[in-house]
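First up is the structure itself, then whatever we jot down about it.
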Amino acid sequence: MRTRWILVLLTCMAVSVVCVGYPIYVIRPFRAQGAHELTAALVVSRFRPLITVGSAIAALVAAVGYWRVQANKWRRALVVTGAGFVYILAFLARVNVYELMFHPVDHPEFAAVTDVKLDKDDKLIVVKVGGSARAYPIRTMGYHHIVNDIVGGTALVATY
């Protein structure tokens, strides 16, 4: 019986780690993403709250079941810690990590072209409105994805 409860708990931990970690691994800046890989990451992101709640419930049942058949306090504590880890992952599955990772730039700072040092291979998003122009390096945009700015008196959102 003990082995069965441990296997249930380990399965819950593995499923929860994959549900939280896989989309973060796939959807990160400056990494090539295949269509199938991205589709799978988005499907996992969509269903991970439900899956991780199911894992948390199963982990709780496994911890209670193991607690009843195991007398060793250290092993009990280890199983409860594992179930707690699954609960933490269930909570993290509800946090939109991408909002934390990719926060918009609301007050961008700019320098003259002569003062900027760019690599020859750097790519830019360039916006020109009237006589005003702005250039947003893709390297920076990869971590923010959104810049709120005013160019030539026109409010705009540059995104990557």
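All of the numbers you see were taken from the coordinates with simple rules; none came from a lab. Quantities reported herein were computed from a predicted structural model and do not represent experimental measurements. Cβ atoms come from the backbone with ideal geometry, glycine included; neighbour counts cover every protein chain shown.
Quick notes
- Net charge of neighbours whose Cβ lies under 15 Å from the Cβ of residue 150, counting Lys and Arg as +1 and Asp and Glu as -1: -1
- The stretch 53-107-the stretch 108-160 distance, computed between alpha-carbon centres (Å): 41
- Computed over neighbours whose Cβ is under 15 Å from that of residue 12, the net charge equals +2, Lys and Arg +1, Asp and Glu -1.
- Pairs of Cα atoms nearer than 8 Å and 6+ residues apart set the relative contact order; for the chain it is 21 percent.
- Computed [θ] at 222 nm, helices only, for the chain once each DSSP H run of length n ≥ 4 contributes -39500 (n - 2.57): -19500 deg cm²/dmol
- Whole-Hz couplings from phi, Karplus 6.51/-1.76/1.60, listed for the stretch 151-158; x for Gly and Pro: 10, x, x, 10, 6, 8, 10, 9
- The reciprocal of the average 1/r between distinct C-alpha atoms defines the Kirkwood hydrodynamic radius, which for the stretch 65-118 equals 15.9 Å.
- Contact order relative to length of the stretch 113-159, as percent, for alpha carbon pairs under 8 angstrom and 6 or more apart: 29
- Net charge, residue 55 excluded, C-beta distance under 14 Å - Lys, Arg +1, Asp, Glu -1: +2
- Taking 0.36 nm per residue of sequence separation and removing the Cα-Cα distance, the residue 154/residue 132 pair yields an extension gain of 6.9 nm.
- Of all aspartates and glutamates in the structure, those lying under 19 Å Cα to Cα from residue 128, and not within fewer than 8 positions of it along the same chain, are 106, 109, 149.
- For the stretch 1-85, the set of trypsin sites (Lys or Arg not before Pro) satisfying both a DSSP loop assignment and a count of at most 14 other C-beta atoms within 10 Å is given as 31.
- Size of the stretch 113-159 as Cα extents on the principal axes (Å, biggest first): 30, 24, 14
- Applying 1/(1 + (r/R0)^6) with R0 = 45 Å to the Cβ-Cβ distance of residue 1 and residue 103 gives a FRET efficiency near 0.40.
- Separation in nanometres of the label points that stand 7 Å from Cα toward Cβ, at residue 115 and residue 139: 1.8
- Ordering 117, 123 by the number of other Cβ atoms within 10 Å of each residue's own Cβ, fewest first, gives 117, 123.
- Here P(r) over Cα pairs in 10 Å bins from 0, in percent was calculated from the structure, and among (i) 10, 26, 21, 17, 12, 8, 4, 1; (ii) 10, 41, 37, 11, 0; (iii) 9, 27, 30, 22, 10, 1, 0 it sits at label (i).
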